[in-house]
1. When the Karplus curve 6.51 cos²θ - 1.76 cosθ + 1.60 is applied with θ = phi - 60°, which whole-Hz ³J(HN,Hα) does each residue of region 192-208 get, with x for Gly and Pro?
2. Only Lys, Arg, Asp and Glu count, each charged at its Cβ (+1, +1, -1, -1), so figure out the dipole size of region 82-279 about its Cα centre, rounded to 20 debye.
3. Along the Cα→Cβ direction, 7 angstrom out, place labels at S30 and L101. What is the inter-label distance in nm?
4. Any idea which of M171, L200, P277 is furthest toward the positive side of the dipole for region 82-279, if Lys and Arg beta-carbons carry +1 and Asp and Glu beta-carbons -1?
5. Quick check: pseudo-label points 7 Å beyond the Cα along Cα→Cβ at E459 and T44, how many nm apart are they?
6. Between the alpha-carbon centers of region 386-406 and region 408-430, tell me the distance in whole angstrom.
7. Given points 7 Å out from each Cα along the Cα-Cβ axis, report the T7 to R489 separation in nanometres with one decimal.
8. Could you run the Karplus curve 6.51 cos²θ - 1.76 cosθ + 1.60 with θ = phi - 60° over region 408-422 and give me ³J(HN,Hα) per residue in whole Hz, x for Gly and Pro?
Amino acid sequence: MSLTIGTAELEVFRAGIARRLGLSFDETKSGLLADVLRQRLLATGSPSESYLARLEQESSREELGVLARGLTVGETYFFRNPDQLRAVSELVLPERLRLRLRAGERRLRILSAGCSSGEEAYSLAIMGRSLALEPSFELSIRAVDVNPAALEKARRARFSNWALRETSPEMRSRWFRAEGSELVLDEAVRSAVVFEERNLALDDPELWRPGSYDLVFCRNVLMYFTPEGARAAVARIAGSLAPGGYLFLGHAETLRGLSQRFRLCDTHGTFYYQLEPKGKSAREGALDSSATPTHVNRLPLLPVAASDGWVDAIRRASERIHTLSRVPEATALAPGAARPSWDLALALGLLQKERFADALHLVRAFPPESARDRDVLLLQAVLLAHNAELPAAEAMCQRLLGMDESNAGAHYVLALCREGASDSRAAVEHNQMAAYLAPTFAMPRLHLGLLARRSGDRETARRELRQALHLLAGEAPSRVVLFGGGFQREALVALCQAELDAAGGER
């Protein structure tokens with residue numbers, strides 16, 4: 001039996017993994033896929049044709065578990081991403097507890113989806129125990145993963161010092177006891193968690209029963225799924241959450257393009273999601289005063305004089321981008337200064353919360369004279385692109401460039417639109433123009449790096465991604481808000497680093 005993995009065999013294996021496990025592996029992961037397939041052929045003694053046929057039809061649960069073990073990364077530790085856990089302990093759990101008690105219910109139910117070796121689920125259990133609940137109150141944490149080896153380790157509840165590297169001495173002494181070189185978790189915490197082998201790529205009616213969970217943690221899972229698999233998984237999560245329930249994703253993940261059923265929450269220095277009430281439309285959400293910024297400011301217009309030279313035009317275009325996307329606590333205008341009859345700050349607040357449809361509805365309601373305002377046109381182009389109205393976004397950019405040919409933001413949005421139309425060459429050209437007009441603008445460099453890596457030009461990808469990584473460190477918060485697609489700076493840096501690693505470059 002030959003152990004050489006051909007291209008056709010590898011593609012069948014890639015498709016089978018996507019269908020059976022929901023996992024997506026691009027060309028940069030072909031080596032990993034080939035290694036795992038080779039190992040399974042050796043272990044099972046099967047020719048590749050018969051093994052791949054079984055995978056395509058109905059592989060056993062055990063075989064899928066073995067594949068998941070080889071293809072997924074399970075490194076984690078206790079109290080990872082403490083800002084999210086603070087939001088859970090100080091806001092989410094107390095709120096859900098009050099709602100349950102008000103409804104005459106004495107239970108809280110949490111799902112840890114993709115729980116790996118259990119550190120996340122046990123961290124949630126420790127926080128739940130810290131609420132000092134009455135003995136009759138039930139705290140139930142369901143932890144699921146497709147990797148049986150990780151689940152076996154989780155059930156043992158014995159951890160190394162490395163797994164507790166972010167755990168305070170007080171927490172260690174309260175909830176763990178030393179046994180040799182290991183730390184054993186207290187039974188009161190262990191009993192709150194039930195571990196199950198489940199495949200998040202499947203429509204499992206028992207796992208996803210409607211209204212089951214107050215809180216779902218699904219961190220660093222969706223990033224491995226195919227787009228279709230991620231959308232389906234989020235839809236199942238939404239259906240399984242109780243009204244007003246919460247969803248936490250990884251810091252580099254977003255629901256952008258996956259679901260419109262959640263509103264973005266921003267507390268404790270982190271972002272997370274809350275399920276919107278059924279039947280509440282995006283337009284109603286835009287008019288909900290509880291979802292709008294506390295401070296609503298009007299930004300002054302910054303017209304460009306006809307006498308501006310090329311250098312001045314570039315400078316003022318950069319200033320306009322900065323002014324447009326800054327949302328300060330208060331904006332004071334000089335006495336007697338004219339105020340525009342439209343408000344950009346509210347739309348920017350909605351953009352920052354990833355409520356793109358709401359923001360676009362708001363901007364479209366501006367009075368007709370706003371159509372001559374370059375700031376409004378740029379913001380509308382960004383929002384149209386986010387709402388997948390790419391031809392309209394392109395038309396808006398071309399209109400803006402007719403008024404201001406040095407607008408780097410318009411060229412960047414055009415690059416995104418051209419990529420969406422599968423015109424990579426034009427996308428590269430617009431990104432290059434945006435980078436030329438605004439040399440410190442990180443996003444065109446990042447986009448150029450992504451396009452180059454996907455086309456197989458690893459040298460260009462490494463060069464552009466290194467430059468993007470350098471620029472992101474000093475990128476103005478204003479540009480992150482306006483052009484970051486809902487991502488925070490940290491998430492953009494993480495994306496850039498991951499792409500640079502995949503291109504074989506040092507950071």
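1. So the J values, rounded to whole Hz, are 7, 10, 10, 9, 9, 7, 9, 9, 5, 7, 9, 7, 9, x, 6, 5, 9.
2. 360
3. About 6.0 nm separates the two model spin labels.
4. Of the listed residues, the answer is P277.
5. Rounded to a tenth, the inter-label distance reads 4.1 nm.
6. When both Cα centres are located, 11 Å separates them.
7. Rounded to a tenth, the inter-label distance reads 4.4 nm.
8. Coupling constants for region 408-422: 5, x, 5, 5, 5, 5, 4, 4, 5, 5, 5, 4, x, 8, 6 Hz.
None of the figures in this text is laboratory data; all of them are computed from the coordinates on show. These numbers were taken from a predicted model, which means no experiment stands behind them. So basically every Cβ, Gly included, is an ideal-geometry build from the backbone, and we count neighbours across all protein chains shown.
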